[in-house]
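So the structure is just underneath, and the comments pick up after that.
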Amino acid sequence: MDSFARLQMLTSQMELEPAEENRGERRPADAEARPACFTPKQRDAVFVHPAQLPNGQTIKLLKTLLTSACERDCFYCPFRAGRDFRRATFKPDEFANVFMELNRRGIAEGTFLSSGIAGGGIRTQDKLIDTAEILRNKLGFRGYIHLKIMPGAEKAQVERAMQLADRVSVNLEAPNTERLSRLAPHKQFLDELLQPLKWVEEIRKSVPSYKGWNGRWPSTTTQFVVGGADESDLELLTTTAWLNKNVRLKRAYFSAFSPISDTPLENKAPTDPLREHRLYQASFLLRDYGFDLEDLPFVDHGFLPLRADPKQAWAQIHLKEKPVEINRADRIELLRIPGIGIKGAEAILRARRISKLNDLTSLKKLGIIAERAAPYILMNGKRTDYQPLLF
Ligand code: SF4
């Protein structure tokens, strides 16, 4: 099988990895991003995803596995051992050369590289590191590399991966040991998955950052399979909040469970994608808006209401009767108001230094969704006239 046919097979299910995407947008890049050197059939099959980097730049990201062979048997995974489908494998130098061909043609600007586990986590991690070494040191690639850390990788391997990559990630899949046992009974939550994330933070704190390939240590992310283990939103967000605080997680990705044929969970109902969306909203409140877990509007058994934006649900309880004065509120108070994001709060603080804000039009000029904010604010001591938003 030639390189492009293998790339086709290996990229075909990478939409299960929403890494670098915005709020779960999962789509391949435009057709014109497909390699012109490919046959039409090949062009349809290589998934280069538009991806947002930590600095906000959007690039064409080739997401792939080095091999779809795997000796593990995670219940939700299309690549699990024993599942009957055709598998493909790249050697490190083969993948590096194919990627550089795509890069030279302007088709792929960065890569997210993961792998099935073949010969143990340590051996598989070595192959991922070898690939990144070839790209950086032999082929001179200076663009974006996201390397997956394999379950069971050693601390020295984590450090080497950090020296080569712009981002490293470990998929926790579930929020704790008990829930993971329902999804992947042969993965160890604490030792194999959480420990590498702790090592990343230990290394960031103890080793100078000039050891990173571009003078910085990589950011870290993780991913959860939402709904696969009947876990609650509270469990997922408790772990997310812990990771934000203790290992400076850049981002948690939430992937709504979707059953895959010929796996032990093939008859389990798929998770409503709206739940994934609410979890993203809540995780941003925890990470960027000064919310604590106790602030989130969980209802029965630790689930967020599906039909309400969590920030709006909080404001309905806390701000409806006690609106915030826009001309006096501090940054944290402004961030609690629906319709006001981080840029909006900063714009209000800047504008107030020049003159008072008197009406919703002045808020709209600052980029704020004024109708959403209106029920929860005062301007110069008065409620504002507004047309309620229907959607
Ligand atoms: S280790 Fe990874 S590739 Fe292998 S079965 Fe589990 S999730 Fe799938």
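Exactly one condition in (1) farther than 25 Å from Leu180 by Cβ; (2) buried (at least 19 other Cβ atoms within 10 Å of the Cβ); (3) free of Cβ contacts under 8 Å to residues at least 40 places away in the same chain is not met by Arg251; state its number.
The one condition Arg251 does not meet is (1).
Where residues in segment 54-82 are basic (Lys, Arg) and modelled with pLDDT under 95, which of them is nearest to Val168 (Cα to Cα)?
Checked segment 54-82; the qualifying residue nearest to Val168 (Cα to Cα) is Lys63.
Which one of these is without any contact (Cβ under 8 Å) to a residue 60 or more places away in the chain and either within 18 Å of Ser255 (Cα to Cα) or small (Gly, Ala, Ser) (or both): Leu335, Leu306, Leu285?
From the options Leu335, Leu306, Leu285, the qualifying one is Leu306.
Does segment 151-162 contain at least one residue that is surrounded by 18 or more Cβ atoms within 10 Å (Cβ to Cβ), within 30 Å of Pro273 (Cα to Cα) and within 16 Å of the ligand (Cβ to nearest atom)?
Yes; the residues of segment 151-162 include at least one that is surrounded by 18 or more Cβ atoms within 10 Å (Cβ to Cβ), within 30 Å of Pro273 (Cα to Cα) and within 16 Å of the ligand (Cβ to nearest atom).
Of Ala36, Ala29, Ala51, which residue is at pLDDT below 95, surrounded by fewer than 16 Cβ atoms within 10 Å (Cβ to Cβ) and more than 16 Å from the ligand (Cβ to nearest atom)?
Residue meeting the stated conditions: Ala36.
Looking only at residues that are of a type in the set (A, V, I, L, M) and in contact with a Pro (Cβ under 9 Å, 6 or more places away or on another chain) in segment 61-75, which one is nearest to the ligand (Cβ to nearest atom)?
Leu66
So that you can scan it fast, the table gives a plain yes or no per residue for (1) assigned by TED's automatic domain parsing to the domain that holds Gln8; (2) closer than 30 Å to Glu202 by Cα; (3) touching a residue at least 60 places away in the same chain (Cβ under 8 Å); (4) within 16 Å of the ligand (Cβ to nearest atom):
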position: Ile59; (1), (2), (3), (4): yes, yes, yes, no
position: Phe79; (1), (2), (3), (4): yes, no, yes, yes
position: Gly121; (1), (2), (3), (4): yes, yes, yes, yes
position: Asn137; (1), (2), (3), (4): yes, yes, no, no
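Is there any pair with a first residue in segment 1-28 that is within 21 Å of Gly228 (Cα to Cα) and a second that is at pLDDT below 75 and surrounded by 20 or more Cβ atoms within 10 Å (Cβ to Cβ) whose Cβ atoms are under 9 Å apart and which are 6 or more apart or on different chains, and what are they?
Note: pairs meeting the criteria are Met14/Phe47; Glu15/Phe47.
Looking at segment 163-176, is at least one residue free of Cβ contacts under 8 Å to residues at least 12 places away in the same chain and buried (at least 17 other Cβ atoms within 10 Å of the Cβ)?
no
Return the residues of segment 103-119 that are of a type outside the set (Ser, Thr, Tyr), under 30 Å from Arg80 (Cβ atoms) and touching a residue at least 60 places away in the same chain (Cβ under 8 Å); say none if nothing qualifies.
The answer is Ala108, Phe112.
Does segment 343-353 include one or more residues that are under 29 Å from Glu276 (Cβ atoms), assigned to a helix (DSSP H, G or I) and either in the same structural domain as Glu235 (by TED's automatic domain parsing) or at pLDDT below 95 (or both)?
No, segment 343-353 contains no residue that is under 29 Å from Glu276 (Cβ atoms), assigned to a helix (DSSP H, G or I) and either in the same structural domain as Glu235 (by TED's automatic domain parsing) or at pLDDT below 95 (or both).
Listed here are the residues, each with its yes/no results for (1) touching a Ser or Thr at 6+ places or on another chain (Cβ under 7 Å); (2) modelled with pLDDT under 95.
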| site | (1), (2) |
| --- | --- |
| Asp84 | no, yes |
| Ala88 | yes, yes |
| Leu102 | no, yes |
| Gly110 | no, no |
| Leu113 | yes, no |
| Gly116 | yes, no |
| Gly119 | no, no |
| Arg123 | no, no |
| Leu128 | yes, no |
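For segment 81-96, which residues satisfy the criterion of being more than 15 Å from Ser115 (Cα to Cα) and either surrounded by 16 or more Cβ atoms within 10 Å (Cβ to Cβ) or within 15 Å of the ligand (Cβ to nearest atom) (or both)?
Gly82, Arg83, Asp84, Phe85
The values are calculated or read from the model by the stated rules, or taken from the named source; none is laboratory data. Not measured: the values here are computed from a predicted model. Glycine also receives a Cβ, built like all others from the backbone with ideal geometry; neighbour counts cover every protein chain displayed.
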